[in-house]
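The numbers here are math on the coordinates, done by the rules we state, and not lab data. Note that the coordinates shown come from a computational prediction; the quantities given were computed from them, not determined experimentally. Note: ideal-geometry Cβ built from the backbone for every residue, glycine included; neighbour counts use all protein chains shown.
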Amino acid sequence: MSHEQRRPRPTPEPRTANVNSVLSIAVAVLAVLLGFFILRDLRNDSGIAATDPGSMDESSSQDATIETLPVDTTVVPVVLTAFKVQIANGSGISGSAGLLTTEMQGRGYIVQPAINKNERTPKQTVTIVYYLLGSEAPAAQVARDLGGVATMPMPTPIPTETASLGEASVLILLGTDLAGKPLSIIAGGAVAPPAVVTTTTTG
């Protein structure tokens, strides 16, 4: 035998180790790529959700719908004979409170004899309906029949010449805006010049 024949052949490296190394590298690269794409998609989705005008418009429209729900504005009818009204002349126009008293009685109200405001109360240019506690609904009815004048809780002291209301729970402090006007014109909202009623009736 020759020396070449006696020389041992080199042992080949196992192919299994090479395959495993390649697979490990490929899996690692694939995992990195997948992680990158997943994170990018998540960031894009969160950005869209935060700034999506469509979603904002939808939520805004829902809020607007809730805020504009119809409110029940039904007026509860008031029995006119269930309370009494006092009219005090605060306009300085003689007889105007007596005229309004007669017209309110014609409407079905129970009205006490007309009186004047007290001396401390200044001349009234605007008619106001005052009410005692618990008579808010009757006062609102009276105010509507007077063309929608303002209503307020009863002040202290009561602004009448007697400083009392008797049996009444609603006070009309008559101002120059409605003094001497027929109730039909007042309730209709028409404008008419105040008329001077020349009578000797108090109020």
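Extension gain for the segment R120 to T156, taken as residue separation times 0.36 nm less the Cα-Cα distance, is 11.8 nm to one decimal.
Counting beta carbons within 10 Å around each of I38, I110, I158 and listing the fewest first gives the order I38, I110, I158. Distance distribution note for segment 80-188: the fraction of Cα pairs above 25 angstrom is 7%.
For the peptides 112-124, 140-152, 90-102, residues were scored by their other Cβ atoms within 10 Å and the scores averaged per peptide; the highest-first order is 90-102, 140-152, 112-124. Which net charge results for the neighbourhood of L146, defined as the other residues with beta-carbon distances under 13 angstrom from its beta-carbon, given Lys and Arg at +1 and Asp and Glu at -1? Summing Lys/Arg as +1 and Asp/Glu as -1 gives 0. Ordered by the count of other Cβ atoms within 10 Å of each Cβ, fewest first, F36, F83 give F36, F83. For segment 80-188, a simple Cβ point-charge model (Lys and Arg +1, Asp and Glu -1, everything else neutral) yields a dipole of about 100 debye relative to the Cα centre.
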